[in-house]
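The values are calculated or read from the model by the stated rules, or taken from the named source; none is laboratory data. What you are looking at is a predicted structure, and each value in this text was computed from that prediction instead of being measured. Quick reminder, even Gly has a Cβ in these numbers, built from the backbone with ideal geometry, and neighbours come from all protein chains shown. The area values use the complete protein model at the heavy-atom level, side chains included, leaving out ligands, DNA and RNA. Shrake-Rupley method; radii C 1.70, N 1.55, O 1.52, S 1.80 Å.
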Amino acid sequence: CTTPVIEYHLTIDSTDGGDVAKPGEGRFSYCPQQGDTVVLVAVPYPGYQFVNWTGNVGTIADVNAAVTTITVNDDYSITANFAKPYSLTISSTEGGSVTTPGEGTFVYDEGDVVKLVATPDPGYGFVNWTGDVGTVANVNAASTTITMNGGYSLTANFEELAEYDLTTSSTTGGSVTVPGEGTFTYYDGTVVNLVATANSGYYFINWTGDVGTIISVNAPTTTVTVNDNYSIIANFEQIPPGKVALTTS
């Protein structure tokens, strides 16, 4: 080093799964006046792969490369990170597909958290994930995650949805304008908008019949969730002479 003597120190370490072969591991001294650029070589053990360099990596040429360089302009401490690569094989049953990350075999580093999204086809619903589900966050959720702590195989399961009939009608004085009057077929779990419209001189009273899943039986505009065969009626009454209807919402 030139006078006055200034030395910078580079401390190198590694995680389990490999070593830093060049310049080695430990604490090394360099002279910044000479513009020291140090070659770094990380070597994984069998069954592992190099992931990246972490720490004071601002002057590392490529933090994702096992062979790269660092320019020593200060005291730095860096770590070479290694991980086991694990495969994730994904498939699905009839009625849908895994849209994220897709279907097939994918390779991830140990500890990676992978997003899973299962998308059902029309007329089908997602059931669950089966297979190596020990680290799946929620096996019953179509959108969830899996933590890669080993090699895993997953299947997204779908089933055909049941179909139910919704029959709508009305008393004298108005009509069901949405979805209309008659019998309509929906998949299980469909939320259907309901709108009852009174004729002139009449006002809406309530919905009657199979009203267990109607949000508000007293509101002319509401919804019903179709979980079975339902029949509902929109009820109207004539406005008494000398009175007018006041509708609030």
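If I go through segment 228-249 residue by residue, how many of them are under 16 Å from Thr168 (Cα atoms) and either exposed (fewer than 15 other Cβ atoms within 10 Å of the Cβ) or in contact with a Cys (Cβ under 9 Å, 6 or more places away or on another chain) (or both)? Working first, answer last.
As a first pass, look at segment 228-249 and keep what is under 16 Å from Thr168 (Cα atoms): 228-236.
Filter again for either exposed (fewer than 15 other Cβ atoms within 10 Å of the Cβ) or in contact with a Cys (Cβ under 9 Å, 6 or more places away or on another chain) (or both), leaving 228-229, 231.
Adding up the residues that qualify gives 3.
Determine which member of the set Ser77, Ser92 is of a type in the set (S, T, N, Q) and within 30 Å of Glu159 (Cβ to Cβ).
On the way: Ser77 fails: within 30 Å of Glu159 (Cβ to Cβ).
When all the criteria are applied, what remains is Ser92.
In segment 223-249, what residues are in a strand (DSSP E or B) and either of a type outside the set (D, E, K, R) or under 16 Å from Thr190 (Cα atoms) (or both)? Explain how you work it out, then say what you get.
Going through segment 223-249, the residues in a strand (DSSP E or B) turn out to be 223-226, 230-238.
Across segment 223-249, the qualifying residues are Thr223, Val224, Thr225, Val226, Tyr230, Ser231, Ile232, Ile233, Ala234, Asn235, Phe236, Gln238.
Taking the residues in segment 94-108 that are buried (at least 17 other Cβ atoms within 10 Å of the Cβ) and either under 30 Å from Phe50 (Cβ atoms) or among the β-branched types (Val, Ile, Thr) (or both) as candidates, determine which candidate is modelled with the lowest pLDDT.
Let us first name the residues in segment 94-108 that are buried (at least 17 other Cβ atoms within 10 Å of the Cβ), namely 95-98, 108.
Keeping just the survivors that are either under 30 Å from Phe50 (Cβ atoms) or among the β-branched types (Val, Ile, Thr) (or both) gives 98, 108.
Numbers: Val98: 98, Tyr108: 94.
Across segment 94-108, the extreme among qualifying residues is Tyr108.
Within segment 131-220, which strands (runs of 3 or more DSSP E) (wholly inside it) include 2 or more residues that are open to solvent by less than 40 Å² (accessible area, probe 1.4 Å)? It would help to see each step written out before you state the result.
Details: elements: 143-147, 152-160, 163-170, 174-178, 182-187, 190-198, 202-209.
Filter on segment 131-220 gives 143-147, 152-160, 163-170, 174-178, 190-198, 202-209.
Taking the residues in segment 50-82 that are of a type in the set (A, V, I, L, M), modelled with pLDDT of 95 or more and within 33 Å of the chain's Cα centre (by Cα) as candidates, determine which candidate is nearest to Cys31 (Cα to Cα). Quick ask: steps written out before the conclusion?
Taking segment 50-82 as the starting set, the residues that turn out to be of a type in the set (A, V, I, L, M) are 51, 57, 60-61, 63, 65-67, 70, 72, 78, 80.
Next cut, modelled with pLDDT of 95 or more only: 57, 60-61, 63, 65-67, 70, 78, 80.
Checking the rest, the ones that are also within 33 Å of the chain's Cα centre (by Cα) come to 57, 63, 65-66, 80.
On the way: Val57: 18, Val63: 23, Ala65: 25, Ala66: 24, Ala80: 23 Å.
Residue satisfying both the conditions and the ranking: Val57.
Out of the residues in segment 109-124 meeting the condition of being at pLDDT 95 or above and open to solvent by less than 50 Å² (accessible area, probe 1.4 Å), tell me which one is nearest to Ile60 (Cα to Cα).
Applying the filter and picking the extreme gives Val114.
Looking at segment 88-130, what strands (runs of 3 or more DSSP E) fall wholly within it and have at least 2 residues that are more than 14 Å from the chain's Cα centre (by Cα)?
In segment 88-130, the matching strands (runs of 3 or more DSSP E) lie at 96-100, 104-109.
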